[in-house]
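A.B. asks: Sharing a structure below in structure tokens format, with a few things to ask.
Please treat every number below as a calculation from the coordinates, not as lab data. All figures in this text were calculated on a predicted structure; none of them were measured in a lab.
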Amino acid sequence: MLDSLGPLLGPITFIQDVSWQNQLTGVVACAILVPCMAVGLFRPRWLSLLAAIIAVGIWLLLGAVGLGISC
């Protein structure tokens, strides 16, 4: 079921991998990107919205990379 979501899972695809390096990468990416996306929702100013948009782009990019390397 989770495979049908594609790159929307973002760094969570890295957390699901068996390699501890990929798991660590996924945890660190989630710890950085989730607050950046949340600040765009809770403080809707132009700079925080820009940070949230960039964080969403990186989230999707990491999801595509995770699918590409078959995490």
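A.B. asks: What per residue convex hull volume, in Å³, comes out for the chain when only alpha-carbon positions are used?
C.D. replies: Cα convex hull per residue, to the nearest whole number: 74 Å³.
A.B. asks: Please turn the phi angles of region 50-65 into ³J(HN,Hα) values with the Karplus equation 6.51 cos²θ - 1.76 cosθ + 1.60 (θ = phi - 60°), one per residue in order, whole Hz, x for glycine and proline.
C.D. replies: Result, rounded to whole Hz: 5, 4, 5, 5, 5, 5, 5, x, 5, 4, 5, 4, 5, x, 5, 5.
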